[in-house]
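Here is the structure we will look at.
We did not get these values from a lab; they are worked out from the coordinates using the rules stated. Quantities reported herein were computed from a predicted structural model and do not represent experimental measurements.
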């Protein structure tokens, strides 16, 4: 029986900016990370540790200086061509001149889907993110949390098996942020999507993740991989449980150790 492929497999990945100059920055060094299908893995660490850089290497938005990155058993460059992942950032990145539905349809247009299929899929995604009646609205008519939901809907519209998220809730107020976290878990459960999630928030990482990857100060390395066994059905009671607070403490202590493993790089999460 064939073993299922890893969703992400980073092997001895290093990233150097401005190599050979006085401004050389060793952003990442020797990063190894394997993520299985269906996992939710958060990357957390001090500013400048290379969390966002690692996410961009997985997405093939940057080539690594050394090492290899595979997505669904393919080189990351091929996975990008095959559109094996969707991305969501801190800013929703919606186009103001397109309706909400047209924003969700955009990746489907790029894949050559017919108008009828695009419209049906967009409506399906709007229902998934619980905004079924907002398709005709313009992005500026929505709240920040609603815009982020639309961005997630767009990222998932083409059925990507992997979702890459770079602090997507960082600009939201605390109550909206917690609501969006709960919504994201429901969406991922419904779609069986693997997620790699960058955050600075320890409680957010613990609440969302099956594992938390703790990264050191630059040059960035993964110093700890912490399993988070809080069950699949997480809710407000989860946030009040003893195990939740134990895991927050475990991640916080791992971060304190990571901060001592190297000097700051002077960059802010390239």
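Here is how the numbers come out for the structure above:
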quantity	calculated
Calculated Rg and Dmax of the Cα atoms in Å (choose from (1) 18.7, 65; (2) 23.2, 77; (3) 18.6, 56), label	(3)
Compactness of segment 61-199 as Cα Rg over 2.2 N^0.38 Å, two decimals	1.05
Segment 145-216-segment 9-75 distance, computed between alpha-carbon centres (Å)	19
Fraction of beta bridges assigned by DSSP in the chain that are antiparallel (%, nearest 5)	50
Normalised contact order of the chain, rounded percent, pairs of Cα under 8 Å and 6 or more residues apart	27
Per-residue [θ]222 nm for the chain (sum of -39500 (n - 2.57) over DSSP H runs n ≥ 4, rounded to 500)	-11000 deg cm²/dmol
